[in-house]
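Only one structure is covered here, and it is reproduced in the block below.
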Amino acid sequence: MKVQHNCPYCMQEQFKNSKSNFILTKVETKILDDSRIHYITCKKNHEYAVVISAAKYELLFDIGLTAFTDGYM
Ligand SMILES: [Zn+2]
């Protein structure tokens, strides 16, 4: 299963440097393992963590639905 995320530090820098009310960011993808806490380092070497608060059975259900939509029975 993959989770999509944005680096909060890069987003904060872009908001500070932008005079607009919105920014465009590239969404990164992280493949999940069995852990609920995923430590990520972005391309600018910002370190942060993505915490999955869902129960494991919810993740398994999502993984199952993703596999089903990919064509696996
Ligand atoms: Zn960053």
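The values are calculated or read from the model by the stated rules, or taken from the named source; none is laboratory data. Note that the coordinates shown come from a computational prediction; the quantities given were computed from them, not determined experimentally. No Cβ is skipped: glycine too gets one built from the backbone with ideal geometry, and neighbour counts run over all protein chains shown. Accessible surface is based on the protein model in full, side chains and every heavy atom, while ligands, DNA and RNA are left aside. Shrake-Rupley method; radii C 1.70, N 1.55, O 1.52, S 1.80 Å.
Side notes on the structure shown:
- Residues that are open to solvent by less than 70 Å² (accessible area, probe 1.4 Å) and in contact with a Cys (Cβ under 8 Å, 6 or more places away or on another chain) within the stretch 1-26 comprise 7, 10, 25, listed in sequence order.
- Looking only at the stretch 1-17, and only at residues there that are out of contact with any strand residue (DSSP E or B) (no Cβ under 6 Å at 6 or more places or on another chain) and under 24 Å from residue 62 (Cα atoms), the one that is farthest from the ligand (Cβ to nearest atom): 1
- Cβ-Cβ under 6 Å pairs, at least 6 apart or on other chains, the stretch 32-57 side open to solvent by less than 50 Å² (accessible area, probe 1.4 Å), far side more than 15 Å from the ligand (Cβ to nearest atom) and assigned to a loop (DSSP other than H, G, I, E, B): 32/1; 52/36
- Taking the conditions (1) modelled with pLDDT of 80 or more; (2) more than 16 Å from the ligand (Cβ to nearest atom); (3) of a type in the set (Ser, Thr, Tyr) in turn, residue 20 satisfies each one other than (1).
- Unmet criterion (only one of (1) in contact (Cβ under 8 Å) with a residue 12 or more places away in the chain; (2) in a helix (DSSP H, G or I); (3) open to solvent by 50 Å² or more (accessible area, probe 1.4 Å)) for residue 29: (2)
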